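K.L.:
Dropping a structure here in structure tokens format, bear with me for questions.
No value in this document is a laboratory result; all are computed from the given coordinates. All values derive from a computational prediction rather than experimental measurement. Glycine gets a Cβ as well: all are built from the backbone with ideal geometry, and neighbour counts include every protein chain shown.
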Amino acid sequence: MNLLTIGLNHKKTPVALREQAAFAPHAVRPALRDLTAAQGVSEAAILSTCNRTEIYCGQHDDEQQIFNWFGRHTGFSRSQLAGCLYHFANEQAVKHAFRVASGLDSMVIGEPQILGQMKSAFHTAVDVGTVGKVLNRLFQHTFTVAKQVRTNTAIGANSVSIAYTGVNLAKQIFTHLNEQTVLLIGAGETIELMARHLKENKVQQIIIANRSLDKAQALVKSVGCRAITLAEIPNQLPWVDIVVSCTASTLPILGKGAVERALENRRQKHKPILILDLAVPRDVEAEVSRLRKVHLYNVDDLKSVVQRNCKLRRHAAEQAEHMIDSQVDQFMDWMRSLAVLPSICALRRGLERLQQEEADKAMRKIRNGEDAQVVVQQLARGLANKFAHHPSQVLKQAHLDGNAELLVAAHKLFGC
């Protein structure tokens, strides 16, 4: 059996085509059944995320039928597939799986979500019954490698998104982040991501301020917080510990005077305010940084941290690549061992048959009163003669034919 992976991802395929190629959750199971019904495809799993759609399969025949199947199910033309579809066989397929699960093939190096998505894809295929010996071993080994990479390298230790870096900064300033009140100004992608990271860190008090309450309400429903208008910010500011602003405004949203009044009216006057201004142009007047008890960081401050962390992750990725190469060799050794299993099984069946024949013959002699010691000696001699008969005939013929390779192989095989 050959391992084959085909797919497309964010590197060569625009989002419009990735959407077309994606398998909805309810479509994966029937797709797996249909694919494995195709002649030559014995095992299959489908990984479908926002950034990639990949098919992992074991097949015996021409791989072209899998390309054709993929084209039919996604609606891609031949020219579209030629431009964006990649395929890996055997060793390269194994290496690709290890790299994907370890976050080395992701848009953000080291992102952890892909491992969970691969596990989900594997479990779905197991439930459908399209995972056999080879894919089961591949995915189990893949999960082990990904865990080793995360344990033994710093691939996921340093945040590489502005939002996540901002949350980590807040955790350094406030001992108990979950006890703080956060004001998020804006309702775009960055603010949404920030809200989700805060929720993951158990922050309960989150306020969304936006020019349009309707847009803010959509975020309120998905994250679980409350919404206010921009005009209400001055009234809320004294109660807020962290402010994150990212709007498209051409004028500042927060001025020095508003923040100064908020500091005067704070119940805990000793407590600092962290302000993360992630907007370009900036949402917060630069003079705010001069106020005591205010920590103001703009997008450039955080980008420098992100760039440094990206560099650290790239170094970790190099370490991970070396680990993966050695693990690929181990898996391929196992794959190659599968080819000899039928021969080993046939040899063992033959030996067991000889053993049973000689044992039955010996038992009959003992029941007929023959000396047990003599019978045992005859049993051992009979087994040895029968086992050696066929190999001896083949070796004699190999000598006559000048087949030196077979003679050397025989020495290695029998240890003589």
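K.L.:
If you average 1/r over all unlike Cα pairs in the range 75-114 and invert the result, what Kirkwood radius do you get in angstrom?
P.N.:
Kirkwood radius, the range 75-114: 11.7 Å.
K.L.:
Which of the peptides 120-128, 230-238 is most tightly packed, and how do the rest follow, judged by the mean count of other Cβ atoms within 10 Å per residue? Kindly include the intermediate steps, with their values, before the conclusion.
P.N.:
On the way: 120-128: 17.3, 230-238: 14.9.
By packing density, highest mean first, the sequence is 120-128, 230-238.
K.L.:
Counting only residues 5 or more places away or on other chains, whose amide H sits under 5 Å from the amide H of Ile208 once H atoms are built in the peptide plane?
P.N.:
Result for Ile208 returns Leu184, Arg226, Ala227, Ile228.
K.L.:
Gain in length, Cys310 to Thr144, computed as 0.36 nm per residue apart minus the alpha-carbon separation, to one decimal in nm?
P.N.:
Fully extending the segment from Cys310 to Thr144 adds 57.3 nm.
K.L.:
What percent do you get for the relative contact order of the range 345-414 when only Cα pairs under 8 Å and 6+ apart count?
P.N.:
The value is 25 percent.
K.L.:
Using the Karplus equation 6.51 cos²θ - 1.76 cosθ + 1.60 (θ = phi - 60°), what ³J(HN,Hα) coupling, rounded to whole Hz, does each residue of the range 86-93 give in order, writing x for Gly and Pro?
P.N.:
Listing the rounded values in order: 10, 9, 10, 10, 6, 4, 5, 5 Hz.
K.L.:
Which ³J(HN,Hα) values in Hz, rounded to whole numbers, follow from the phi angles of the range 273-289 under the Karplus curve 6.51 cos²θ - 1.76 cosθ + 1.60, where θ = phi - 60° and Gly and Pro get x?
P.N.:
10, 9, 10, 10, 9, 9, 8, 9, x, 5, 8, 10, 4, 4, 5, 4, 5
K.L.:
Angle between the Cα long axis of helix 189-200 and the longest principal axis of the chain, 0 to 90 degrees, nearest 10?
P.N.:
70
K.L.:
Under a straight-distance cross-link criterion of Cα-Cα below 14 Å, which aspartates and glutamates are reachable from Lys269, leaving out those fewer than 8 residues away in the same chain?
P.N.:
Result set, ordered by chain and number: Asp241, Glu260.
K.L.:
Only one of the values [x] 76, 53, 45; [y] 111, 52, 42; [z] 110, 46, 42 was calculated from this structure for Cα extents along the principal axes in Å; name its label.
P.N.:
Checking each listed value against the structure points to [y].
K.L.:
Can you put Val182, Val376, Val220 in order of Cβ neighbours within 10 angstrom, beginning with the fewest?
P.N.:
By the 10 Å Cβ count, ascending, the order reads Val376, Val220, Val182.
K.L.:
What is the helix-to-structure angle for 133-152, meaning the angle in degrees between its Cα long axis and the longest Cα principal axis of the chain, kept from 0 to 90 and rounded to the nearest 10?
P.N.:
So the inclination is approximately 50 degrees.
K.L.:
Right, here's the next one. For the range 82-142, what does the alpha-carbon gyration tensor say about shape, rounded, prolate or oblate, given a ≥ b ≥ c as the root eigenvalues, a/c under 1.5 as rounded, and a/b over b/c as prolate?
P.N.:
Judged from the Cα gyration tensor, the range 82-142 comes out oblate (a/c at least 1.5, b/c at or above a/b).
K.L.:
A follow-up question, please. On C-alpha positions alone, give me the angle between the axis of helix 64-74 and the longest principal axis of the chain, in degrees, nearest 10.
P.N.:
30
K.L.:
Here is a follow-up. Count the DSSP beta bridges whose two residues both fall in the chain, then state the antiparallel fraction as a percent rounded to the nearest 5.
P.N.:
Values: 19 of 41 bridges.
Looking only at bridges with both residues in the chain, the antiparallel portion is about 45 percent.
K.L.:
Then there is this: From the phi of every residue in the range 350-364, what ³J(HN,Hα) in whole Hz does the Karplus formula 6.51 cos²θ - 1.76 cosθ + 1.60 yield, where θ is phi - 60° and glycine or proline is x?
P.N.:
Whole-Hz 3J(HN,Hα) from phi for the range 350-364: x, 5, 5, 5, 4, 4, 5, 4, 5, 5, 4, 4, 5, 5, 5.
K.L.:
Please report how many Lys pairs in the range 345-414 have alpha carbons closer than 24 angstrom, counting only residues at least 8 apart along the chain or sitting on separate chains.
P.N.:
Numbers: Lys361/Lys386; Lys365/Lys386; Lys386/Lys396; Lys386/Lys412; Lys396/Lys412.
Lysine pairs, 8 or more places apart or on different chains, close enough: 5.
K.L.:
Modelled label-to-label distance, Gln377 and Gln65, 7 Å Cα→beta-carbon offset: nm?
P.N.:
6.1
K.L.:
Given springs between every Cα pair under 10 Å in a Gaussian network model of the chain, which of Ala209, Ala101, Ala384 has the largest fluctuation?
P.N.:
Highest fluctuation of the listed residues: Ala384.
K.L.:
For Cα pairs less than 8 Å apart in space and 6+ apart in sequence, what is the mean separation divided by the residue count of the chain, i.e. the relative contact order in percent?
P.N.:
On the way: 550 pairs, mean separation 51.5, N = 416.
About 12 percent, as a whole number.
K.L.:
I've got another one for you. Please list, ordered by chain and number, the residues whose modelled amide H lies under 5 Å from the amide H of Val294; skip anything fewer than 5 residues away on the same chain.
P.N.:
Sorted by chain and number, the residues that satisfy this are Ile273.
K.L.:
What is the set of long-range amide H partners of Gly132 at a cut-off below 5 Å, with H atoms built 1.01 Å from backbone N?
P.N.:
Ala44
K.L.:
For the pairs Lys199/Lys303; Lys12/Lys303; Lys221/Lys303; Lys256/Lys311; Lys119/Lys202; Lys147/Lys202, flag any whose C-alpha to C-alpha distance is greater than 32 Å.
P.N.:
Result: Lys256/Lys311 exceed 32 Å.
K.L.:
Mind listing which trypsin sites (Lys or Arg not before Pro) in the range 173-231 are in a DSSP loop and have 14 or fewer other Cβ atoms within 10 Å? Please list the in-between numbers first.
P.N.:
Values: sites: Arg196, Lys199, Lys202, Arg211, Lys215, Lys221, Arg226; in loops: Lys202, Arg211.
For trypsin sites (Lys or Arg not before Pro) across the range 173-231 that sit outside H, G, I, E and B with at most 14 neighbouring Cβ atoms in 10 Å, the list reads Lys202.
K.L.:
Given the range 162-306, what whole percent of its Cα pairs are spread farther than 25 Å?
P.N.:
18
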